[in-house]
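Visitor: Sharing a structure here in structure tokens format.
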Amino acid sequence: MTHYIEHDDLLSALKERGGLPVGSFELFQLAYEAELRSTQHSLDDLSCLSVLPNLIPFPHQIETAKRVIHELHGRALLADEVGLGKTIEAGLILKEYIVRGLVQKALILVPASLVLQWTRELNEKFGVRAFAQRNEWSWTTYDVLVASLDTTKRDPHRAAVLSQPYDLLIVDEAHKLKNSRTRNWQLINEIQKKYLLLVTATPVQNDMKELYNLINLLRPGQLGNPKHFTKEHVSTKRSPKNPVALRHALSDVMVRNRRVESAVDFTERHVKIVPLELSTEERELYDAVTSFVREEFMRRKESKRSVLALITLQREICSSSYAALGTLEGMLKRGRLTPSEAMRVQELYHLAEAVPGYTKISKVIELIKSINDKVIVFTEYRATQDFLLYMLQQSNIKAVLFRGGYKRGKKDWMKDLFERRAQVLIATEAGGEGINLQFCNQVINYDLPWNPMRVEQRIGRVHRVGQTRPVYIQNFSTKGTIEEHIVRMLQDKIQMFEQVIGELDVILGPRAFEEDVLEALLESRDESEIKARLNVLSKRVKRSDTSNHQGTAT
Amino acid sequence: MPSESQALMDWAIRFFDSVNAVRHPSSPNSLRVQLPREIDKELTDRPFFWMWAEAMNENPPETILHLQFDDAPLPEDLPQDVQKERIALGCYRMLRMEASAKKRGAFAVAYEQGAVLHPYVVFVVKISFVSDRRIDFLESYAISLRDQRVYPDAMTRLARKKLMSSRSPQSQIMSLPLDVDALFQIMFQCTKMDISRKDGMWAVEARKRLTDELSRLENYYKSMENETLETNEVQQKSMAGEYELRKAETIWRFEPKIEVRPLQFALVYLATAPGP
């Protein structure tokens, strides 16, 4: 039995006028014509396309919006690869629902740094009257509201959001909902919503369970209960039992477009390795740290002690001796070292302090000067970032920092400064999330993340829809160090930089990948063993990518 | 200029003329209009400005808009007080103009020319089939007050007639009582008949989707109940609450609904019955 509703607003309004329909017939006719224009004559079209004068979406974006509305019924994980315009897809879906009168009240939860960007885009590109949340009153005042997830999860905002139903809820950077025990996840679970869009390029970061948690927000039971999911789909924490079956189960709730398959005409990528030879002092420090880490790694693994500090140290030493200083100091201060360990760490600290010059820094300055255009320098470490800023300033190069911890206003400000005033943006990964920097086409990877997905996230900041120039990527590689292996693996084996890896992150979490890399590096007895083990890892990446292709095809 | 833009501009000209906005000379494919205060309030959302102006007894000059309907660059040399903007379907200004027309055009009285005029009421009604998707049908009916005969597709029929906002002195009106409740009942009967003639497959599919989704939810939460049997009561209660919430959301999203919304009502006096 279909619910039948007769509205009586017109009758009430007529009665208020004493039953007399006074008015101009020309306006009556004009109103009818306007109504006719906004009438939805078909179930299947995307009506909003005719009312978006400021936007020409790409075909894959239109297809995604259609699929989410018509096949996934308005609850979906939008997981396109970086740079394909997931925001546009979400905006199209929102606009279509508004045009069709199916959404009036919508909430868009995003990282604080993206609130203004989302609000601006919805207004300018989609003609949606969206407002940025500013205070407690915003929740009830505006129909379409953009707010920071971190603000929303705190009272009194949380209570305000939970007290009203939303026709549509959009969560950007939805990988922040990966853990069902967090307040983020619980907030989204508790909000009353009709349609739900979760937007992220990396639905899995560490563990297959994260994917389960995201899907359960959209459609509880789609992947069964946790036990069933583990039994049917999980081989190890980081790999699925049967990628094709998992992919099939996900197809009811997830859309993922790949760059290689989209019709978007991306500009070319030019990738170059910049080989560097360490100075004698740097080499001495590197060798000392590496042998310390290797010995300690084995010892601690046997005694089941944490190896986290060691991993960090080994990675930092590839970045800069300056970055390693902080970790060495921390190890000493925490006082958990045996006397002999403490002595060795102390020695390493002095070695690091005594390094007189910095090969990488000199090279980066030389490159920036020769580029004579905007450059983004990526590093993993805040200490390196600070040091780089200082050294660039010494060479009269204007640079600004960009970090994940910055507040919304500061991020916008830094982006503006970079666009208008500075030549260089020194960014850490977290800082780069969700920010679009298409006006720049030069990237220097001062150090490299040890996993392909995070590398792609970096490049995706500039190599995305809207980039009009070829993108130049320069990867620093210090000879005879772990970095050399990493660069070779990412570039030659996985061909990370020139052809984008597709579904890798669904299959393989970045953190898990990093751990595997580190194990390969530290447990190997010599160079050839390192090479062989990294080769196996690269093959695994390629295999999972291929199996996903097959999954797509079936 | 494309025909769609031309149609939009023609509509805008008629709208501004109907609301007595003064039209200034302008370049081809554009309109320059001076807005009466009440229209200005409807076309630009600035309630606080008007509140302030009225409280302070201010008399701000009337807004002049330069609306361009083609892709040519907006003119640079406009007087300072003229606001310029490009108009396309779905842009903010167009939406406001349409909303204003819908508000002002909800009711009307009109007359045909002729010796004896008979009264008809005209309804414009939107019928919507809603589940997680939506399709609309805009219907119009003319009902004769003399014999209650119903003429569907009334707006198309009336478009062929010349209707005026005032009665010619030569015309004689056959006055009949207007029982609006009864007329609305007749109109709702008409919509029901129209609905029964439309394909109802959408509702069958929506109902099936709803049933499937609810049964998936039931299975999931039952299996979770078994999992949490050993856990504490609080956890079970929260799971039950979550189940209720998900059920309500699912019904909200998928349940097939038919909405009938009368939008416009006019009284028209016609010399002859609405044509074919």
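The values are calculated or read from the model by the stated rules, or taken from the named source; none is laboratory data. Note that this is a predicted model, so its numbers are computed, not measured. Using ideal geometry, Cβ is built from the backbone for each residue, glycine included, and neighbour counts are taken over all protein chains shown. The protein model used for the area step is the full one, side chains on, heavy atoms only, and it has no ligands, DNA or RNA in it. Shrake-Rupley method; radii C 1.70, N 1.55, O 1.52, S 1.80 Å.
Visitor: Among the residues of segment A:52-69 satisfying the criterion of being assigned to a helix (DSSP H, G or I) and open to solvent by 30 Å² or more (accessible area, probe 1.4 Å), which is nearest to B:Tyr92 (Cα to Cα)?
Guide: A:Ile62
Visitor: Here are some residues: B:Ala240, B:Ala273. Which one is more than 7 Å from chain A (Cβ to nearest Cβ), part of a loop (DSSP other than H, G, I, E, B) and either surrounded by fewer than 18 Cβ atoms within 10 Å (Cβ to Cβ) or hydroxyl-bearing (Ser, Thr, Tyr) (or both)?
Guide: Every option except B:Ala273 fails the conditions.
Visitor: Testing A:Ile397 on (1) crowded, with 19+ Cβ neighbours inside 10 Å; (2) of a type in the set (A, V, I, L, M); (3) in a loop (DSSP other than H, G, I, E, B); (4) without any contact (Cβ under 8 Å) to a residue 40 or more places away in the chain, one condition comes back false. Which one is that?
Guide: If we test A:Ile397 against (1) crowded, with 19+ Cβ neighbours inside 10 Å; (2) of a type in the set (A, V, I, L, M); (3) in a loop (DSSP other than H, G, I, E, B); (4) without any contact (Cβ under 8 Å) to a residue 40 or more places away in the chain, just (1) comes out false.
Visitor: Which condition number does B:Tyr120 fail, the rest of (1) within 20 Å of the chain's Cα centre (by Cα); (2) in a strand (DSSP E or B); (3) more than 7 Å from chain A (Cβ to nearest Cβ) being met?
Guide: (1)
Visitor: Follow-up question, since we're still on this one. Only one of (1) surrounded by 13 or more Cβ atoms within 10 Å (Cβ to Cβ); (2) within 14 Å of another protein chain (Cβ to nearest Cβ) is not met by B:Leu78, so which one is it?
Guide: (2)
Visitor: Same structure again: Looking at (1) under 26 Å from the mean Cα position of the chain (by Cα); (2) within 14 Å of chain B (Cβ to nearest Cβ); (3) open to solvent by 10 Å² or more (accessible area, probe 1.4 Å); (4) of a type outside the set (Lys, Arg), which is the only condition A:Glu121 fails?
Guide: (2)
Visitor: Ok, one more. I'm checking my understanding of the structure. Among residues of segment B:28-61 that are acidic (Asp, Glu) and either without any contact (Cβ under 8 Å) to a residue 40 or more places away in the chain or assigned to a strand (DSSP E or B) (or both), which one is farthest from the other protein chains (Cβ to nearest Cβ)?
Guide: Once the filter is applied, the top-ranked residue is B:Glu58.
Visitor: Among the residues of segment A:29-48, how many are free of Cβ contacts under 8 Å to residues at least 40 places away in the same chain and open to solvent by 30 Å² or more (accessible area, probe 1.4 Å)?
Guide: Counting residues in segment A:29-48 that are free of Cβ contacts under 8 Å to residues at least 40 places away in the same chain and open to solvent by 30 Å² or more (accessible area, probe 1.4 Å) gives 9.
Visitor: A further question follows. When you look at A:Leu14, is it without any contact (Cβ under 8 Å) to a residue 24 or more places away in the chain and in contact with a Gly (Cβ under 9 Å, 6 or more places away or on another chain), yes or no?
Guide: no
Visitor: Inspect segment B:138-155 for any residue being open to solvent by less than 30 Å² (accessible area, probe 1.4 Å), acidic (Asp, Glu) and either outside any strand (DSSP E or B) or more than 9 Å from chain A (Cβ to nearest Cβ) (or both) and give the result as yes or no.
Guide: no
Visitor: State which residue is farthest from A:Leu84 (Cα to Cα) when the search covers only segment A:457-483 and only residues that are in contact with a Ser or Thr (Cβ under 9 Å, 6 or more places away or on another chain), surrounded by 18 or more Cβ atoms within 10 Å (Cβ to Cβ) and not hydrophobic (A, V, I, L, M, F, W, C).
Guide: A:Thr481
Residues are listed down the side, and each one gets a yes or a no for (1) modelled with pLDDT under 90; (2) in the same structural domain as A:Pro165 (by TED's automatic domain parsing); (3) on the phi > 0 side of the Ramachandran plot:
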residue: A:Tyr4; (1), (2), (3): no, no, no
residue: A:His7; (1), (2), (3): no, no, no
residue: A:Leu11; (1), (2), (3): no, no, no
residue: A:Gln29; (1), (2), (3): no, no, no
residue: A:Leu55; (1), (2), (3): yes, yes, no
residue: A:Pro59; (1), (2), (3): yes, yes, no
residue: A:Leu107; (1), (2), (3): no, yes, no
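Visitor: When only residues in segment A:74-94 that are in contact with a helix residue (DSSP H, G or I) (Cβ under 7 Å, 6 or more places away or on another chain) and open to solvent by 10 Å² or more (accessible area, probe 1.4 Å) count, which is farthest from the other protein chains (Cβ to nearest Cβ)?
Guide: A:Val82
Visitor: Continuing with the same structure: Can you name the residue in segment B:165-200 that is within 25 Å of the chain's Cα centre (by Cα) and outside any helix (DSSP H, G or I) and is also nearest to A:Gln29 (Cα to Cα) among such residues?
Guide: If we take residues in segment B:165-200 being within 25 Å of the chain's Cα centre (by Cα) and outside any helix (DSSP H, G or I), then B:Ser165 is nearest to A:Gln29 (Cα to Cα).
Visitor: A further question follows. From the list B:Arg93, B:Arg104, B:Arg23, which residue is touching an Asp or Glu at 6+ places or on another chain (Cβ under 9 Å) and buried (at least 19 other Cβ atoms within 10 Å of the Cβ)?
Guide: B:Arg104
Visitor: Please give the strands (runs of 3 or more DSSP E) falling wholly within segment A:139-256 in which 1 or more residues are more than 23 Å from A:Leu122 (Cβ to Cβ).
Guide: Answer list for segment A:139-256: A:234-236.
Visitor: Okay, next question. Quick one: what pairs do we get from segment B:76-90, first residue at positive phi, second open to solvent by 40 Å² or more (accessible area, probe 1.4 Å), C-beta under 9 Å, 6+ apart or different chains?
Guide: B:Gly90/A:Ser50; B:Gly90/A:Pro53; B:Gly90/A:Val99
Visitor: Give segment A:111-138 a look and list any residue that's β-branched (Val, Ile, Thr) and either touching a Cys at 6+ places or on another chain (Cβ under 7 Å) or over 23 Å from A:Ile56 (Cβ atoms) (or both), or say none.
Guide: A:Val115
Visitor: Before we move on, is B:Val180 within 12 Å of chain A (Cβ to nearest Cβ), open to solvent by 80 Å² or more (accessible area, probe 1.4 Å) and β-branched (Val, Ile, Thr)?
Guide: no
Visitor: Which residues, taken from segment A:1-33, are more than 7 Å from chain B (Cβ to nearest Cβ) and closer than 18 Å to B:Tyr120 by Cβ?
Guide: Correct list: A:Leu20, A:Gln29.
Visitor: Right, another one. Name the residue, out of A:Arg336, A:Arg408, A:Arg344, that is assigned by TED's automatic domain parsing to the domain that holds A:Ser320 and either at pLDDT below 85 or among the hydroxyl-bearing types (Ser, Thr, Tyr) (or both).
Guide: One residue alone meets the criteria, A:Arg336.
Visitor: Can I ask one more? Taking B:Ala101 as the residue in question, decide whether it is over 21 Å from A:Ala31 (Cβ atoms) and in a helix (DSSP H, G or I).
Guide: Considered against the rule, which asks whether it is over 21 Å from A:Ala31 (Cβ atoms) and in a helix (DSSP H, G or I), B:Ala101 comes out as no.
Visitor: Just the residues that are open to solvent by 10 Å² or more (accessible area, probe 1.4 Å), within 13 Å of another protein chain (Cβ to nearest Cβ) and among the basic types (Lys, Arg), please, taken from segment A:148-205.
Guide: The answer is A:Arg181, A:Lys194.
Visitor: If you take the residues of segment B:244-258 that are of a type outside the set (Val, Ile, Thr) and more than 9 Å from chain A (Cβ to nearest Cβ), which of them is most open to solvent (accessible area, probe 1.4 Å)?
Guide: B:Glu244
Visitor: Quick check on this structure: which one of A:Leu217, A:Leu223 is touching a His at 6+ places or on another chain (Cβ under 8 Å), at pLDDT 90 or above and open to solvent by less than 30 Å² (accessible area, probe 1.4 Å)?
Guide: From the options A:Leu217, A:Leu223, the qualifying one is A:Leu223.
Visitor: Another question about this same structure. Return the residues of segment A:34-51 that are assigned to a loop (DSSP other than H, G, I, E, B), within 7 Å of chain B (Cβ to nearest Cβ) and hydrophobic (A, V, I, L, M, F, W, C); say none if nothing qualifies.
Guide: A:Leu43
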